[in-house]
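See structure below.
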Amino acid sequence: MKTITVIQNGRVIDPVSNTNEIAEIWIRDGLIIAPESKNSETAEIVDATGCWVVPGLIDMHVHLREPGEEYKETIESGTRAAAAGGFTGVACMPNTHPVNDNGSVTLFICETAKTCSARVYPVGAISQQSKGVSLAEFGEMKQAGAVAFTDDGLPVLDSQLMRRAMEYSASHNSLIMSHSEEISLSRGGCMNEGEVSTRLGLGGIPNAAESIMVYRDIALAELTDARVHLSHVSTADSIDLIRAAKTRGVSVTAETSPHYFTLTDEAVLGYDTHAKMSPPLRSKKDQDAIREALADGTIDAIATDHAPHSELEKDVEFSLAANGIIGLETSLPLTLALVRAGIIDEMRLVQLMSSRPAEILGVSGGSLEIGAPADIAVIDPQKKFVFNAEKSHSKSANSPFSGWELQGKAVLTLLAGRITHSEV
Ligand SMILES: [Zn+2]
């Protein structure tokens, strides 16, 4: 029996060990091991010629919809989409039904995920039922496996409650994730406020709806010494605030999503509800600022905000449509487009999509060092394909990228040495 797998001839890219060279990766019993002497009787050989061999991608921000909205996505289908996109770990948001605001929901997610195609890291709610009134049971959720806390989908409007959440998380070394939205400014809006919203006659959401809350949560992070992570950053104003906070030494990190560096609010022309998300697609100036922030380190991670919805929620008038798009199978090729454009290099891509998310969440993965679990993505950066959302592994098909020709794909994904996706 072949007990060893050797991935050979691929370009191994690992920011943690600063490796970027043709090398072999050896796997036994689900772990990366030091090279031994091999023969074809004991070793399964994977030829990765022309491919990159990288630590499995980690998505800090997905909505798996289970429990409660299994018609949109399940933990099983969502992690299959993840594996197909090169991901071996995903952090799932608590806005399920019921809300993940207690240890039993957290435990249910962890137990269900055990047989699935990616590691699933539940993020617990900050407030009970995410209603923003009283704090949820952080300790209980953390014990059950929660890696961070957020009321994502909604902001925590009460600044005193957010302060207390940060104080608690600071004393327990937990992470707070901020959905930064000032609701009184975004209410009534359904797209970016600007020339396009005026032209379309749609209610606009100004950049300030995001940056006011980004500013508040940076100020609270400074006050409490908490570790705060800003989710789905979309504006140039937010970037300026984050850059200044990092310069001051505030313990703040940030993510953005591929749609914010790929599309602008012009994608809404034609009233396509697949271009509706929260925060909304912004202007070219914001897009440029985000690209710059990905390159210079102001933004730490690329996360999809994978938000499956059925046609019921999307095939309606623009202002009534649900926010969000699926993203697990398009994130890698859309980020590879930044590499081809010379905005980031391949090492930075792996940092943004694997090493930094692992570090921020405090979970395994993000590197290919000996002894680590064999969570690995083999990427063919040249492979072209037309993305068909209807044929994706997700149960939903809400993507503005359906029909796009994309370049670059995970051709093999391994989770603790087990194949979770293969097209080799
Ligand atoms: Zn959010």
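The values are calculated or read from the model by the stated rules, or taken from the named source; none is laboratory data. Source: prediction; values computed, not measured. For neighbour counting, all protein chains shown are included, and Cβ atoms are generated from backbone atoms with ideal geometry for every residue, glycine included. Note: accessible area is taken over every heavy atom of the protein model, side chains too, but ligands, DNA and RNA are not part of it. Shrake-Rupley method; radii C 1.70, N 1.55, O 1.52, S 1.80 Å.
Taking the criterion of being under 20 Å from the mean Cα position of the chain (by Cα) and buried (at least 21 other Cβ atoms within 10 Å of the Cβ), would at least one residue in region 381-390 satisfy it?
Checked region 381-390: no residue is under 20 Å from the mean Cα position of the chain (by Cα) and buried (at least 21 other Cβ atoms within 10 Å of the Cβ).
Looking at 247, 262, 273 in this structure, which one is away from the ligand (no atom under 16 Å from the Cβ) and under 18 Å from the mean Cα position of the chain (by Cα)?
Going through 247, 262, 273 in turn, the sole match is 262.
For region 348-374, what are the residues that are open to solvent by 20 Å² or more (accessible area, probe 1.4 Å), in contact with a strand residue (DSSP E or B) (Cβ under 6 Å, 6 or more places away or on another chain) and part of a helix (DSSP H, G or I)?
356
Considering only region 4-19, I want to know if a residue exists there that is of a type in the set (Lys, Arg), closer than 28 Å to residue 389 by Cβ and either touching a helix residue (DSSP H, G or I) at 6+ places or on another chain (Cβ under 8 Å) or surrounded by 17 or more Cβ atoms within 10 Å (Cβ to Cβ) (or both).
no
Tell me, which residue of region 79-108 that is crowded, with 24+ Cβ neighbours inside 10 Å and among the aliphatic types (A, V, I, L, M) is farthest from the ligand (Cβ to nearest atom)?
83
Looking at region 144-166, which of its residues are open to solvent by 20 Å² or more (accessible area, probe 1.4 Å), within 16 Å of the ligand (Cβ to nearest atom) and in contact with a helix residue (DSSP H, G or I) (Cβ under 6 Å, 6 or more places away or on another chain)?
Within region 144-166, 154 is the sole residue that qualifies.
Would you call residue 169 away from the ligand (no atom under 16 Å from the Cβ) and polar (S, T, N, Q)?
yes
Select, from 262, 304, 253, the only residue that is modelled with pLDDT of 95 or more and touching a Ser or Thr at 6+ places or on another chain (Cβ under 7 Å).
After applying the criteria, what remains is 304.
Looking for something open to solvent by 20 Å² or more (accessible area, probe 1.4 Å), away from the ligand (no atom under 15 Å from the Cβ), in contact (Cβ under 8 Å) with a residue 60 or more places away in the chain and of a type in the set (S, T, N, Q) - is there at least one such residue anywhere in region 194-214?
Scanning region 194-214 turns up at least one residue that is open to solvent by 20 Å² or more (accessible area, probe 1.4 Å), away from the ligand (no atom under 15 Å from the Cβ), in contact (Cβ under 8 Å) with a residue 60 or more places away in the chain and of a type in the set (S, T, N, Q).
Within region 391-416, which residues are in contact with a Ser or Thr (Cβ under 9 Å, 6 or more places away or on another chain), open to solvent by 30 Å² or more (accessible area, probe 1.4 Å) and farther than 19 Å from residue 306 by Cα?
416
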